Amino acid sequence: MAKPPAPSKPGKPQRTLRIYIDGRPVYLRKGRRPDADAAWHLEHPAVFYERRGDVHRALWLMERDQHFRSLTIFGKDPAEAAKAIFKAYRRIEAAGGLVRNPKGRILMIHRRGFWDLPKGKVDPGETLQQAALREVEEETGVQGLRLEGELLDTFHVYSDKKGRVLKRTAWYRMEAPAQKKLVPQANEGIDVVEWTKPEQLKQRLSQTFPNIRDVFVEAGLWPEAPDLDLPGSPAS
């Protein structure tokens, strides 16, 4: 079952809780809405919640108006708002990895026109760690993976054949040898697997999904973007 992200460790800045709806962020913040001008409200509405129905009405607003670039939900406890959102959708559990080789390059895949990180759904009986390792190996052909630790969980809502679904993806740091032969999993729509150099990140992260950028931010490989200026793109 998907759970709200745990609080940041002492000494680490607390990132705003966020859940993406078709690539548009829903920010969950503690407190009341600050004063803002009308233009902010036109594309970036904000609501204050006191009960679950307030959250569901805000989601209804976001789902039906594609002009909104973001939604901010203020309240006493952002984790409670996250629980209300989780209960509004069917849920899928997934796991993936940010893999680095000895040269400091990051393993990325190209799928359906976007750069991405390897990940996939958790099979019955698997742990999140087992699923992450299996999916990275299956999608890229990389061997000798070593799990280094947890990164973060990302959450996004999109449509599949059964309707609207919220996917939680658990991300892990991994290391692997500088393997030259990489094999894209073609039946998953992957056409390229490459070790990405640091100087290539800017271009590739401009052609990825906002939740994938969040993984790079958490890993310290990309600067945090201002909340209201995060670019939108399809769900990953």
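The values are calculated or read from the model by the stated rules, or taken from the named source; none is laboratory data. Everything numeric here is computed off the predicted structure, so don't read it as measured data. Ideal geometry is used to build each Cβ from the backbone, glycine not excepted, and the neighbour counts take in all protein chains shown.
Per-structure values
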| quantity | calculated |
| --- | --- |
| The range 85-101, subset of a type outside the set (Phe, Trp, Tyr) and at pLDDT below 95, residue surrounded by the most Cβ atoms within 10 Å (Cβ to Cβ) | Ile85 |
| Residue within the range 41-50 that is within 21 Å of the chain's Cα centre (by Cα), in contact (Cβ under 8 Å) with a residue 40 or more places away in the chain and on the phi < 0 side of the Ramachandran plot present | yes |
| Residue ID - nearest to Arg24 (Cα to Cα), chosen from residues in the range 40-67 that are in contact with a helix residue (DSSP H, G or I) (Cβ under 6 Å, 6 or more places away or on another chain) and not charged (D, E, K, R) | His44 |
| Any pair with Cβ under 7 angstrom, 6 or more apart, that starts in the range 59-83 at a residue that is in a helix (DSSP H, G or I) and ends at one that is among the small types (Gly, Ala, Ser) and at pLDDT below 90 | Ala81/Gly75 |
| Flag for Gly97 being at positive phi and out of contact with any His (no Cβ under 9 Å at 6 or more places or on another chain) | no |
| Test: residue in the range 184-196 that is surrounded by fewer than 18 Cβ atoms within 10 Å (Cβ to Cβ), free of Cβ contacts under 8 Å to residues at least 40 places away in the same chain, outside any strand (DSSP E or B) and of a type outside the set (Val, Ile, Thr) | yes |
